[in-house]
1. How many of the residues making up region B:65-91 are more than 8 Å from chain A (Cβ to nearest Cβ) and open to solvent by 10 Å² or more (accessible area, probe 1.4 Å)?
2. Does B:Trp111 satisfy being open to solvent by 10 Å² or more (accessible area, probe 1.4 Å) and more than 7 Å from every other protein chain (Cβ to nearest Cβ)?
3. Please work out if A:Gly111 is within 15 Å of the ligand (Cβ to nearest atom), surrounded by fewer than 24 Cβ atoms within 10 Å (Cβ to Cβ) and closer than 26 Å to A:Met221 by Cα.
4. Looking only at residues that are open to solvent by less than 10 Å² (accessible area, probe 1.4 Å) and under 14 Å from A:Glu49 (Cα atoms) in region B:142-156, which one is farthest from the other protein chains (Cβ to nearest Cβ)?
5. Being open to solvent by less than 30 Å² (accessible area, probe 1.4 Å), more than 15 Å from A:Phe90 (Cβ to Cβ) and either in a strand (DSSP E or B) or at pLDDT 95 or above (or both) is the filter here; which residues of region A:223-247 pass it?
6. Taking A:His86 as meeting all but one of (1) more than 10 Å from every other protein chain (Cβ to nearest Cβ); (2) more than 25 Å from A:Phe185 (Cβ to Cβ), write down the number of the exception.
7. Just for region A:56-71: of the residues that are at the interface with another protein chain (Cβ under 7 Å from one of its Cβ atoms) and part of a loop (DSSP other than H, G, I, E, B), which one is modelled with the lowest pLDDT?
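The values are calculated or read from the model by the stated rules, or taken from the named source; none is laboratory data. Source: prediction; values computed, not measured. Cβ coordinates were reconstructed from backbone atoms using ideal geometry, including for glycine residues, and neighbour counts include every protein chain displayed. Keep in mind that these areas ignore ligands, DNA and RNA; they rest on the heavy atoms of the full protein, side chains included. Shrake-Rupley method; radii C 1.70, N 1.55, O 1.52, S 1.80 Å.
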Amino acid sequence: MDKSDLRCQGPLYPRDKTLHPKALTPDYKSSLLRSPKMTLIPMSNTLSEITGPVFDPNILGEFDSDLTKNYCSGKQIGIGEQIIVHGKVFDENSRTIPNVLIEVWQANASGRYRHFSDSYKAPLDPYFGGCGRCVTDQNGCYSFRTIRPGAYPWPNGGNNWRPSHIHFSIFGTSFAQRLITQMYFEGDPLIKLCPIANTIEDPASLKTLVAQLDMKKTIHMDARAYQFNIILRGRFSTIFENKMDGN
Amino acid sequence: MHKLQRLKEIPSQTAGPFLHIGCIPSQIGLNTLGGIDLGSVLLSKKTKGKRITLTGKVFDGKNIPIRDGMVEIWQADANGLYRTSETKLDGSDLNFSGWGRSHCDFESGSWTFKTIKPGPVMMKNGKWMAPHISFWFVARGINLGLNTRMYFSDEHSLNEKDPLLQELKGTKRIRTLMARKIAENSYEFNIYLQGKNETIFFEI
Ligand SMILES: [Fe+3]
């Protein structure tokens, strides 16, 4: 199915709030002053929510989906464990979604970000930038190559270390599907100690963010593969009148 | 046709303090993805409609502007039509993407968009929505991106008939959705995460 068909479909299923972190999560200190106190006001989806940005696939550069190479335009390769992260993007109706833009960012193998406000003393990698992007193909598949990011300490009032993770920004077919999340790695003992991972109360929901080692896609003498499937909100398949509550 | 299994949305996690690396890399001097940030330019010379500048800040619970966040907007074109396809003609202005992205300035916390004033949008039921812009805000400390809507305080008669604003009539907080006109073609829309001016955020 082509994406423009999906785009023309109806409102989204209401978000299941039990899957997501609450706004106020005291163990994650930054949420204290940044969490709205009032409850969100539910509104029926209108055209403004069921439509969303469209991207020209030509925006992608040659190395955008290869973080091991893109910082040095292919002339040098980032330092660390080479990995492939891949998966499919689905909606809650189990339909794959083509043409989804995925942006990723991450620390280098030492756990250091190429960002002026990262104060961790681990070294920068002269060959690694830490950003990339790709677009899902006609079957909803995406893939990028990168360096496995290191764990890093962060200021949260205690001896807190983030598990290895990759940040994901995902565009679906509507503005209401917009999602930013983080992907973790199977077997990382820091996940269960992490105040940010633990903002997600439902263990089954957190587990969906943990990429699994995938030996089928692992390339011998080259790169291990991790599989991470992305599920976005589902949409009613027919358009119905956008009635506001109470009307 | 086989019955499809119902899946569950994956959960959100905070964008963290380093979101610039992936979303707006040129703001921190990273030119890895071509050097032009997505969503940084909404307009071309050919875009139809009245040019406007939108600015604002997002304030935390201590009334301090957030300087490590990111704002995204989504809006209709001058005729009230949303861009829905890159290739098919949907009648919307092909010279207007409708989507923008701005970081909060590292010193002042201000975000800015140069865009056009959207037209009123006709709903499926024939009612009209007043000109408005959808906002989405993410930052360190925000576990799930926040959605709100900005309306124009100088569109009084259209605002009166807007279905969402009508529904919210009677709540004093409705004023938190109104952009203030600060100069000709220039509007300010401040967002407050907490406190007596807390902005209305929607579950969309
Ligand atoms: Fe991080």
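1. Result for region B:65-91: 8.
2. Values: open to solvent by 10 Å² or more (accessible area, probe 1.4 Å): no; more than 7 Å from every other protein chain (Cβ to nearest Cβ): yes.
So B:Trp111 fails the test.
3. Numbers: within 15 Å of the ligand (Cβ to nearest atom): yes; surrounded by fewer than 24 Cβ atoms within 10 Å (Cβ to Cβ): yes; closer than 26 Å to A:Met221 by Cα: yes.
So A:Gly111 fits the description; yes.
4. Filtering first and then ranking leaves B:Met150.
5. From region A:223-247, those open to solvent by less than 30 Å² (accessible area, probe 1.4 Å) are A:223, A:225-226, A:228, A:230-235, A:242, A:244; that's our starting set.
In the following step, the residues that additionally are more than 15 Å from A:Phe90 (Cβ to Cβ) were identified as A:223, A:225-226, A:242, A:244.
Listed by number, the residues that qualify are A:Ala223, A:Ala225, A:Tyr226.
6. Against the list (1) more than 10 Å from every other protein chain (Cβ to nearest Cβ); (2) more than 25 Å from A:Phe185 (Cβ to Cβ), A:His86 comes up short only on (2).
7. Per the stated criteria, the residue is A:Asp56.
Okay, residues lined up against (1) in a loop (DSSP other than H, G, I, E, B); (2) within 16 Å of the ligand (Cβ to nearest atom); (3) within 23 Å of A:Val89 (Cβ to Cβ); (4) over 18 Å from the mean Cα position of the chain (by Cα):
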site: A:Trp161; (1), (2), (3), (4): no, yes, no, yes
site: A:Ile180; (1), (2), (3), (4): no, yes, yes, no
site: A:Tyr184; (1), (2), (3), (4): no, yes, yes, no
site: A:Lys192; (1), (2), (3), (4): no, no, no, yes
site: A:Ala211; (1), (2), (3), (4): no, yes, yes, no
site: A:Lys217; (1), (2), (3), (4): yes, no, yes, yes
site: A:Met221; (1), (2), (3), (4): yes, no, no, yes
